[in-house]
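To keep things clear, I will list the structure first and then write my remarks on it.
Read-outs: derived from the displayed coordinates by stated rules, not from any lab. Just so you know, these numbers come straight off a predicted model, no measurement behind them. Every residue, glycine among them, receives a Cβ derived from its backbone with ideal geometry; neighbour counts consider all protein chains shown.
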Amino acid sequence: MATHLQGSLFDQTDELRLGTLDGIGRTVLGSGAWIDVLPGWLSGADALFEQLAADVPWHAERRTMYDHVVDVPRLLPFYGASDPLPHPVLVEAREALTRHYAAELGEPFATAGLCYYRDGRDSVAWHGDRIGRGAREDTMVAILSVGTPRDLLLRPLRGGPSVRRPLGHGDLIVMGGSCQRTWEHCVPKTTRAAGPRISIQFRPHGVR
């Protein structure tokens, strides 16, 4: 698949290497929700982007909205708990997240969903990961982003100011506590020039 990635000026290496999670910073959002953010957790992220863009079996989906069937504006695959992940560093990332959050989460990160945002026309609408246990239990969703940064927005479900985090080039965000039930998040469309980005979402079993 052809891509036009503008590489990061701060990550000029093809060696894939995860940093420590000890320096991750937490922001308390309210209503029991929080986010942890760690810029540049993965070194060599642009090289991983190129490999995933070329090797992952991306596919488009169509969904029914308001009595119409529409194209989902991004490409996807989903890897269940028993499915081999498309790159060894993603296995390493999932294991590192499981170790770091063991005391809070109490279970491993199990699945991985990938989203390929090809340009500014690709997006994901406001939502919470509330299919399954996320609708009634506190949980975590960890997102590793590679490629060109795109804004991830979060807003409280009952109204209030939003939070904006640009994510790409190996950045990590973890949404925890009640975040999936009491907040929503999205990647909005943009008319600005936007290069391609891939996000990898790690979730516990039974959360989508």
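Not counting the cut sites, what is the longest span of the chain without GluC sites (Glu not before Pro) that DSSP labels loop and that have at most 16 other Cβ atoms within 10 Å?
Maximal segment without exposed cleavage sites: 62-136.
May I ask you to compute the full-extension gain from GLU92 to ARG26, defined as 0.36 nm times their residue separation minus their alpha-carbon distance, rounded to one decimal in nm?
Here the segment from GLU92 to ARG26 would lengthen by 21.5 nm.
Using the per-residue mean of other Cβ atoms lying within 10 Å as a proxy for protection, in what order, highest first, do the peptides 121-132, 193-204, 140-151 fall?
So the order, starting with the most tightly packed, is 140-151, 193-204, 121-132.
Which distance in nm do the two modelled labels at ALA60 and ALA102 give, with both placed 7 Å along the Cα-to-Cβ direction?
Computed distance between label sites ALA60 and ALA102 equals 4.5 nm.
Could you work out how far apart the two model spin labels at ASP83 and ARG121 are, taking each label as a point 7 Å from the Cα in the direction of the beta carbon, and quote it in nm?
2.6 nm
Return an integer: the convex hull volume of the alpha-carbon atoms of the range 129-208, in Å³ per residue.
Roughly 90 Å³ of hull volume per residue.
If the chain between ARG164 and ILE131 were fully stretched, how many nm would it gain, using 0.36 nm times the residue separation less the Cα-Cα distance?
Between ARG164 and ILE131, full extension yields an extra 9.5 nm.
Do the sum for the chain: with -39,500 (n - 2.57) for every DSSP H run of n ≥ 4, divided by all residues, what is the mean residue ellipticity at 222 nm, to the nearest 500 deg cm²/dmol?
-4000 deg cm²/dmol
Quantify how much of the Cα-Cα distance distribution of the range 65-208 extends past 18 Å, in percent.
57 percent
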